[in-house]
Amino acid sequence: MITIEQRYMDGGIRLVTLSNECGMTLELSNLGAGIISCVVPDSAGNLADVALGYADPLDYMHDGPCMGKTPGRYANRIARGRFAIDGAEYYLRVNNGPNALHGGPDGFQNRTWQVELLPNGVRFSYVSGDFEELYPGRLTVSVEYTIEEHLNRINIRYRANTTAPTVVNLTNHTYWNLRGENSGSALSHLLTMKCRNYLPTDDTLIPTGSIDPVAGTPMDFTSPKELGKDIGHDFPALRFAKGYDSSWVVDDWTPGKFTENVVTLHDPQSGRTLEIGSTQPAAHIYTGNWLSGSPLSKSGRSYADYDGVAIEMQGFPDAPNHPEFPSQLLRRDEEYHHVITFTFK
């Protein structure tokens, strides 16, 4: 049986808690349509919250880490905040060095979404006005979170449609620590990915356009490897970002294809494993390189760098400026539709 509870907070924030009979409790917020808590059992049945989060629900507004939320209209980076559609050029607000990041300063992650309860979850919806954050088209978007009765799985479904050609890239930005959100560094976790290639970037983390093999580099996670094993290597991607903040190409991806277990994260100490499946073409791994100084956490302290890892299934960064990348263009007669699953074992 799945139970659903709601709480109403200051500032129009609504918190929705989903629970199943396998020990999972998932708490969601309509501020940024995000995950603020995820309690699951370890191999001995002990419960812990494995999603990083803040003590105060209001601290999620305009936070630097984008903790647990749904960034948009375009997650990740667009070079110099510029792109063109059908010969028309658009100029976004720049908020990450010379680039636009996560839809801009007032992106979807900093908006209050509408709430609709479902039998096994919740649907958050938002209408982004034409030229909100300078993106063309009136975009109607929804994010559905559902859980299952007999399996500790989070299903996330994204849908969007537009009144004019625009670009869309949606993902989830939860930071995971499978030992528990207050257990310190996540760099001892083992990461495995079905990704034989990655996207090299310039020093502002914009893809160069090249798709390079991971073999023989610190970017190789085709077999289980500790997140921290190669993180200190003098390698461009690691040097530019002070850790991992890169996108990997999902093996054998085709539009609409769902790939199970694209990414597997495992903590040997607790025995917890997180398996991530998706229809998205890229897996972006961010090892929380700049978490220090974030708002006070649920455990009563500010997180340190590398205390969690964000695994963002998404379209390629800067795809609107790279016609060779999978397109993130959405036209009036189309629907944006992607799925991400997080399965805990």
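Size of the dipole of the chain about the Cα centre, Lys and Arg at +1 and Asp and Glu at -1 on the beta carbon, nothing else charged, in debye to 20?
140 debye
Mind putting a number on the dipole of the stretch 128-276 about its Cα centre? Charges go on the C-beta only, +1 for Lys and Arg and -1 for Asp and Glu, and I need it in Debye to the nearest 20.
Rounded to the nearest 20 debye, it is 200 debye.
Taking only C-alpha pairs under 8 Å that are 6+ residues apart, what is the relative contact order of the chain in percent?
Contact order relative to length: 19 percent.
Grab every C-alpha pair in the chain, bin the distances at 10 angstrom width from 0 up to the longest one, and report whole percents.
Cα pair-distance distribution for the chain, in percent: 6, 27, 37, 24, 6, 0.
Which ³J(HN,Hα) values, rounded to whole Hz and listed in residue order, are derived for the stretch 33-39 from phi using the Karplus coefficients 6.51, -1.76 and 1.60 in 6.51 cos²θ - 1.76 cosθ + 1.60 with θ = phi - 60°, glycine and proline given as x?
6, x, 8, 10, 6, 8, 9
Can you report the principal axis dimensions of the stretch 198-337 using only the alpha carbons, biggest first, rounded to whole angstrom?
Sorted largest first, the three principal extents are 48, 32, 31 Å.
Would you mind counting up the charge near His62? Only other residues with Cβ under 15 Å from its Cβ, with Lys and Arg at +1 and Asp and Glu at -1.
-2
Take the alpha carbon gyration tensor of the stretch 213-287, find the square roots of its eigenvalues, order them as a ≥ b ≥ c, and report rounded if a/c is under 1.5; if not, report prolate when a/b exceeds b/c, else oblate.
Taking the square roots of the gyration eigenvalues as a ≥ b ≥ c, the stretch 213-287 is oblate.
What area, in nm² and to one decimal, does the C-alpha convex hull of the stretch 23-70 cast on average over all directions?
3.5 nm²
Using modelled amide H (1.01 Å from N, peptide plane; none on Pro or chain starts), what sits under 5 Å from the amide H of Leu31, excluding residues fewer than 5 places away?
For Leu31, the qualifying residues are Arg14, Trp113.
Sum up the charges of everything whose Cβ sits under 14 Å from the Cβ of Phe83, counting Lys and Arg as +1 and Asp and Glu as -1, but leave Phe83 out.
+1
Which one of Tyr91, Leu26, Phe240 has its Cα pushed farthest toward the positive end of the charge dipole of the chain, where Lys and Arg give +1 and Asp and Glu give -1 at the Cβ?
Tyr91
Rounded to the nearest 0.05, what FRET efficiency do Thr222 and Ser302 have when you use their Cβ-Cβ distance and R0 = 45 Å?
FRET efficiency, Thr222 to Ser302: 0.85.
For Lys345 and Leu117, what is the calculated FRET efficiency with R₀ set at 22 Å and r taken between the beta-carbons, to the nearest 0.05?
Using R0 = 22 Å, I get an efficiency of 0.20.
Counting only other residues whose beta carbon sits under 10 Å from that of Val262, what net charge do I get with K and R as +1, D and E as -1?
After counting each charged neighbour, the total is -2.
Build a GNM of the chain with springs between Cα atoms under 10 Å: which of Met61, Met193, Met24 gets the top mean-square fluctuation?
Ranking Met61, Met193, Met24 by mean-square fluctuation puts Met61 first.
Quickly estimate the mean residue ellipticity at 222 nm for the chain, helices only: each DSSP H run with n ≥ 4 gives -39500 (n - 2.57), and the total goes over all residues, rounded to 500.
Rounded to the nearest 500, it is -500 deg cm²/dmol.
Work out the length of the dipole vector of the stretch 1-95 about its Cα centre, built from +1 on the beta-carbon of each Lys and Arg and -1 on the beta-carbon of each Asp and Glu, and round it to the nearest 20 debye.
With only Lys, Arg, Asp and Glu charged at Cβ, the dipole is about 560 debye.
Computed over the Cα atoms of the stretch 134-271, what is the ratio Rg over Rh, Rh following Kirkwood?
Rg/Rh for the stretch 134-271 comes to 0.99.
Using a cut-off of 17 Å between alpha-carbon atoms, which aspartates and glutamates can reach Lys194, once sequence neighbours fewer than 8 places away in the same chain are excluded?
List returned: Asp212, Asp220, Glu226, Asp251, Asp252, Glu260, Glu275, Glu312.
Taking the inverse of the average 1/r across all pairs of different Cα atoms in the stretch 196-251, what Kirkwood radius in Å do you get?
Every distinct Cα pair counted, the radius reaches 11.5 Å.
Over the chain, give the accessible area per residue in Å² for a 1.4 Å probe, as an integer.
38 Å²
The values are calculated or read from the model by the stated rules, or taken from the named source; none is laboratory data. The model shown is predicted, which means the values in this text are computed figures rather than measured ones. In this analysis, Cβ positions are derived from the backbone assuming ideal geometry, glycine residues included, and neighbour counts consider all displayed protein chains. Heavy atoms of the whole protein, side chains included, go into the accessibility calculation; ligands, DNA and RNA do not. Shrake-Rupley method; radii C 1.70, N 1.55, O 1.52, S 1.80 Å.
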